[in-house]
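A short write-up of the structure that comes next.
The values are calculated or read from the model by the stated rules, or taken from the named source; none is laboratory data. Please read all numbers here as calculations on a predicted model, not as lab measurements. Note: ideal-geometry Cβ built from the backbone for every residue, glycine included; neighbour counts use all protein chains shown.
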Amino acid sequence: MYMGLTEATLQAFRWLLEGDLTIWGIVWVSLRVALLALLAVTPLAIVAGFGLATLQFPGRRALIVLMQTLLALPTVVVGLIVYLLLTRNGPMGSFELLFTQQGMVIGQALLAFPILTAMTLSAVQGIDARVSETARTLGASPLRASFTVLLEARFAVMAAIATGFGRVLSEIGCAMMVGGNIAGVTRNITTAIALETSKGEFAQGIALGVVLVALALGVNFGIAFLQGKGEIK
Amino acid sequence: MIKRTMQLWAVVVFSALISFPAGAGSSKAIRLATTTSTANTGLLDYLLPKFEVKCGCKVNVIAVGTGKALKLGEDGNVDVVLVHARPAEDAFVAAGYGVDRRDVMYNDFVLVGPNNDPARIRGEKDVLAAMKKIADAKWKFVSRGDDSGTDQMEKSYWKALDINPAGLPWYFSAGQGMGEVLMMSGEMRAYTLTDRGTWIAYREKIGLPMLVQGDPRMFNPYGIIAVNPKKYPSANYQGAKALTDWITSAEGQKLIADFKVGGEQLFIPDAK
């Protein structure tokens, strides 16, 4: 009954190619939740990162240190915090979001926010100050000038988004605690791999692992492609 | 232009969030917290689709240990629990968190371990004597350590023996589900206490034979309890009741009796 690595991998590819609905459904949950979390959090994080890089205000340095510390926040801690927020007796209990995809989106958005903010911050700091000054001299409003700076930093910001995507796609702690690993509803790639491994069904686990790597590869290819074009110009 | 972009973003995010499939957050779905033993054996995958067709509803299963399942019920995070730890279940009902407890089925616990049986417990009729032998031999024992029904049962044996194994070098508290613990025990060639159903489902993968069975103290009854609607008015009591009625009905009970893995019946229905 023991299934070797090769055999499990072959079986995994067979399932994927046959379009096994359960597996692709699980992939869809992961993708949908991760994309929504990024969609929700990216604009906020870019504004926050940009603000931290350019504005001067008391407590700015402390905020930067805090943001960089949050990069090390374990996903289970975020999961626990979101769980306590969403549990029925908790402050957001009346929305009934525990064990739903929406709840997972909230958790993953919280996970992605520090990464996106910290990386935007360093991206903007790396832009020559004369870019903003020149834009202003040419008559741009402060908002328009900020936009020009962001445009200059776009490749680094894209890399930030890719990193954030990688973080939420590969995390399990938060998805397991907040989502509850419900079949067909909140079971995503990572929680399914944990479950299948616990059941000794290694082929399923490997199949999903392959998809996870493929997704990450796709995103990074996309970013590399965009960045490559930028250099040719 | 920037303002317009922000407005568009807000609209997109908001509509994406409310457009989730009905199954996800709908109050109609029945949220069932249950033990890893019912989920890992495949019993629920076999039973629930038949119930879902019949009632036209969806059951969302959260498979955790009995302790966690009851806690989810206490906090009103689920509508109904299917668990096995009679004293904890009675406390749950007595504290007003649960109503309508019904017997569903039973199986029993067995002790499994390495085939060469270093602690010589094979064929022992008394579970406490067998546990004592393992402790005396100081052979590896993997405990669930997750406050599940199995864990509570195992702890009650140690307590009866007046042994406190926590922290001893041969005693491994895994903090995981039954399936994981069986896989670990197989890898480590260790003894463990398991419900018969999960062991039957796993035995070919782990290669640990059953060594001790049949002690009345190893009886393992499962009960289903609805979360008290007076405590949590928004809980789906209708759905919980429908599931309870169905699983204890002649039809549900016959399906449980017919459920077999590797040709063996895993659970014996006993609803009254």
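For segment B:145-165, which residues satisfy the criterion of being touching a strand residue (DSSP E or B) at 6+ places or on another chain (Cβ under 7 Å) and within 17 Å of B:Y191 (Cα to Cα)?
Correct list: B:G145, B:T150, B:D151, B:M153, B:E154, B:P165.
Looking only at segment A:200-208, decide whether some residue is within 30 Å of A:G90 (Cβ to Cβ) and either out of contact with any helix residue (DSSP H, G or I) (no Cβ under 8 Å at 6 or more places or on another chain) or within 14 Å of chain B (Cβ to nearest Cβ) (or both).
no
Taking A:L121 as meeting all but one of (1) over 16 Å from the mean Cα position of the chain (by Cα); (2) in a helix (DSSP H, G or I); (3) surrounded by fewer than 19 Cβ atoms within 10 Å (Cβ to Cβ), write down the number of the exception.
A:L121 satisfies all of (1) over 16 Å from the mean Cα position of the chain (by Cα); (2) in a helix (DSSP H, G or I); (3) surrounded by fewer than 19 Cβ atoms within 10 Å (Cβ to Cβ) except (3).
Filter segment B:135-168 down to residues that are in contact (Cβ under 8 Å) with a residue 12 or more places away in the chain and of a type in the set (G, A, S) and give me whichever is farthest from B:M184 (Cα to Cα).
B:A160
How many of the residues making up segment A:117-175 are away from every other protein chain (no Cβ under 14 Å), basic (K, R) and over 25 Å from A:A40 (Cβ atoms)?
Counting residues in segment A:117-175 that are away from every other protein chain (no Cβ under 14 Å), basic (K, R) and over 25 Å from A:A40 (Cβ atoms) gives 2.
Working only within segment B:43-98, note down all residues that are assigned to a strand (DSSP E or B) and within 10 Å of chain A (Cβ to nearest Cβ).
Result: B:V59, B:N60, B:V61, B:I62, B:A63, B:V64.
Looking at A:T75, A:T69, A:T100, A:T54 in this structure, which one is buried (at least 23 other Cβ atoms within 10 Å of the Cβ) and either farther than 24 Å from A:A145 by Cα or not charged (D, E, K, R) (or both)?
It is A:T100.
Report yes if A:G184 is closer than 24 Å to B:T41 by Cβ, in contact (Cβ under 8 Å) with a residue 60 or more places away in the chain, more than 15 Å from the chain's Cα centre (by Cα) and surrounded by fewer than 19 Cβ atoms within 10 Å (Cβ to Cβ), otherwise no.
Yes, satisfied.
Which residues, taken from segment B:32-42, are assigned to a strand (DSSP E or B), within 13 Å of chain A (Cβ to nearest Cβ) and farther than 17 Å from B:T248 by Cβ?
Hit for segment B:32-42 is B:A33, nothing else.
Kindly provide the set of residues from segment B:214-261 that are out of contact with any helix residue (DSSP H, G or I) (no Cβ under 6 Å at 6 or more places or on another chain), closer than 22 Å to B:N107 by Cα and surrounded by fewer than 17 Cβ atoms within 10 Å (Cβ to Cβ), ordered by number.
B:G214, B:P216, B:F219, B:D245, B:S249, B:A250, B:E251, B:K254, B:A257, B:D258, B:K260
Which one of these does A:Q68 not meet: (1) assigned to a helix (DSSP H, G or I); (2) closer than 17 Å to A:G103 by Cβ; (3) polar (S, T, N, Q)?
Answer for A:Q68: the failing condition is (2).
Just give me the residues in segment B:175-186 being out of contact with any Leu (no Cβ under 7 Å at 6 or more places or on another chain) and either within 17 Å of B:T41 (Cα to Cα) or at pLDDT 90 or above (or both), in sequence order.
Residues satisfying the conditions are B:Q176, B:G177, B:M178, B:G179, B:E180, B:V181, B:L182, B:M183, B:M184.
For A:I81, state whether it is within 19 Å of A:I172 (Cβ to Cβ) and either more than 14 Å from every other protein chain (Cβ to nearest Cβ) or under 20 Å from the mean Cα position of the chain (by Cα) (or both).
Here the answer is yes, as A:I81 does meet what is asked.
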